[in-house]
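A short worksheet on the structure shown next.
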C-alpha cells in the first residue's frame, strides 16, 4: 500500500508517471546459449566469420552466412550445415533486401554480425591512394552502417523483444592511426556507442570485438602449433576460436545489460 501511495504522490506532486521496467534477466546453459537465435554473419565463409558461425551453431543458433564468392560459401555451408546468400554488401541499395531475404530464409532474424572487412597495405600515410581509402571506408564503415540500419528497422518493426548486433572491429581503432584501416575501425567505435543508446529501449544491444593480429587457422591449421608473434605484448597471435567464445556471450540474451561497448581481444596489446 505504501508503494502505491508513494507513486500517487509522485504523480500528483511531480506530474511524472511512474514506469515499471523488468530487467528480464536470463541465465544460460552450455550448448544452449544461442538456442532460438537466428543470426546473419557477413564474411562468414572463412576466418573469424567462419569460426563464429561454427560456434554459434554449436550453441543452438540458426545461422546464415553472406559472402561474395559462391564457391567459398557452398564449401562453408557443406562444412557448417548452415544457410547462405551470395551478396556484395558494398552494394548499399540491396542491403534492406538482404535483411528481408535472410529473415525469410530463417523464419525470422534476431542477430547480425558485421564481420566483412578489408585492410589494405598502404605503406604509410604519404602512399595512401584515393581508391584504397574509398575501398576501406566503403566496406568497413558505410556497408555495416547501412546493414545495421536495415536490421534495426526490421527488428523494431517486427517488435523482436531482444536482438543483438556485433561489429568485428580491430585493436587498430583503439589508438591513433594514420592509416585508413585504423580510421575506419575508430569510426565503428563511434557508431556502436551512438546507436546503442538510441535503441536500448527497443531491446537492441550493440557491441564490438576488437581483435589483435589474428591467425588464419582455417587456411593454416599448423599455426596452432606455434602462435608466436614477436611484436605483440602477449607474444602470440589471437585465434578465431577464442574470439568466438566472446562473441557467443555478446550475442546471447545473457548479455542484454551490455551495450555500446567494444571488447579488446588482444591481451592488452593496445596499451603498449
For this session: Note the angle between two axes, namely the Cα long axis of helix 180-198 and the longest principal axis of the Cα atoms of the chain, as a number of degrees from 0 to 90, rounded to the nearest 10.
Result: 10 degrees
For this session: Rounded to the nearest 10 degrees, what's the angle between the helix 2-14 long axis and the longest principal axis of the chain, both from Cα atoms, 0 to 90?
Result: 80 degrees
Exercise. Between 100, 54, 235, which gets the highest mean-square fluctuation from a Gaussian network model of the chain, Cα cutoff 10 Å?
Worked result: 235
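Over region 119-229, what is the mean sequence separation of C-alpha contacts under 8 Å (at least six apart), divided by residue count, expressed as relative contact order in percent?
Working: 110 pairs, mean separation 31.5, N = 111.
With pairs under 8 Å counted, the relative contact order is 28 percent.
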Problem set entry | With Cα atoms, 0 to 90° folded angle of helix 47-58 axis to the chain main axis | 50 degrees
Exercise. What's the Cα-based Rg to Rh of the chain, Rh via Kirkwood?
Worked result: 1.03
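Can you show me the helix-derived [θ] at 222 nm for the chain, built from DSSP H runs with n ≥ 4 at -39,500 (n - 2.57) apiece and divided by the number of residues, rounded to the nearest 500. Show your work: numbers first, answer last.
Values: 8 runs with 102 residues, N = 272.
Computed mean residue ellipticity for the chain: -12000 deg cm²/dmol.
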Exercise. How far apart, in nm, are two points set 7 Å out from the Cα along the Cα-to-Cβ line at residue 157 and at residue 70?
Worked result: 2.8 nm
Exercise. Under the classification rounded if a/c is under 1.5, otherwise prolate if a/b is larger than b/c and oblate if not, where does region 126-260 fall, given a ≥ b ≥ c as square roots of the Cα gyration tensor eigenvalues?
Worked result: oblate
Problem set entry | Relative contact order [Cα under 8 Å, 6+ residues apart], region 28-271, whole percent | 20 percent
Exercise. Using a Gaussian network model of the chain with C-alpha springs under 10 Å, which one of 189, 117, 107 is most mobile by mean-square fluctuation?
Worked result: 107
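Each reported figure results from applying straightforward, stated rules to the coordinates on display, with no laboratory input. For clarity, every value in this text was computed on a predicted model and none was experimentally measured. Positions of Cβ are generated from backbone atoms using ideal geometry, with glycine treated the same way; all protein chains shown enter the neighbour counts.
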